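See below for the structure under consideration.
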Amino acid sequence: MDELVQWLRAQLDEDERTARAATAGPWEQTGIGEYGWGVSFSVPGAGVEADDSDQGRADAEHIATWDPARVLREIDAKRQVIAKYTAAVERMAELAALCERLKADGMDTHMPELERMTAIHRRDVLSEVLRLLTLPYAGRPGYREEWRP
């Protein structure tokens, strides 16, 4: 799972680099222009136009929706999920070590099997959430099918 976390962090770093290199937002769909549906990049003269069609309008909306500020917020949220996952895995390892010490001291009767199963279940759920975060990057180099949920 460490390799998955490392790979996912690298994908987020690449997304951040791309978003920061783009013209700052907000990006807004500005309606029909001279050549088609327009998207303004909040810098005079900066923007794009898509075909004057329903598809062009949909493309313009999509471009405007994925402005750099929105992408950076999403990257931040994903990094927070990864941090919470990493902290939870570390805590579960500490709890597992504590259970082993209690067992070695003959005190494991105070640790019901349910608590152990709950910890395993939490780890599995967290791992599944992390795997879900990799799906948008499945087409990128380095993605492993074994990571697919």
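The values are calculated or read from the model by the stated rules, or taken from the named source; none is laboratory data. Keep in mind the model is a prediction, meaning the values are calculated, not measured. Backbone-built Cβ (ideal geometry, glycine too); neighbour counts: all protein chains shown. For accessibility, only protein heavy atoms count, side chains too; no ligands or nucleic acids. Shrake-Rupley method; radii C 1.70, N 1.55, O 1.52, S 1.80 Å.
Residues in the chain average 67 Å² of solvent-accessible surface per residue, probe 1.4 Å, ligands and nucleic acids excluded. GNM remark for the chain: springs join alpha carbons under 10 Å apart, and the peak mean-square fluctuation among 36, 139, 45 falls on 45. Considering only 85, 137, 35, the mean-square fluctuation computed in a Gaussian network model of the chain, springs between alpha carbons under 10 angstrom, is largest for 35.
Pairs of Cα atoms nearer than 8 Å and 6+ residues apart set the relative contact order; for the chain it is 21 percent.
Calculate the dipole size of the stretch 1-93 relative to its Cα centre from +1 charges on Lys and Arg beta carbons and -1 charges on Asp and Glu beta carbons; express the result in debye to the nearest 20. If you can, show how the numbers build up before the last one.
Working: 10 positive and 18 negative charges, 129 e Å.
Taking the Cα centre of the stretch 1-93 as origin, the dipole is about 620 debye.
Per the 1.4 Å probe, what fraction of the accessible area of the stretch 35-106, in percent, lies on carbon and sulfur atoms?
55 percent
Length available on full extension from residue 124 to residue 104: 0.36 nm per residue minus the Cα-Cα distance, which gives 4.6 nm.
Counting only alpha carbon atoms, the long axis of helix 113-134 and the longest principal axis of the chain meet at about 20°. Relative to the dominant Cα principal axis of the chain, helix 2-21 is inclined by about 20°. In angstrom, the C-alpha Rg and Dmax of the stretch 1-41 are 16.6, 51. Each Cα pair of the chain feeds into the Kirkwood radius, which the Stokes-Einstein equation turns, at 4 °C and 1.567 mPa s, into a diffusion coefficient of 69 µm²/s.
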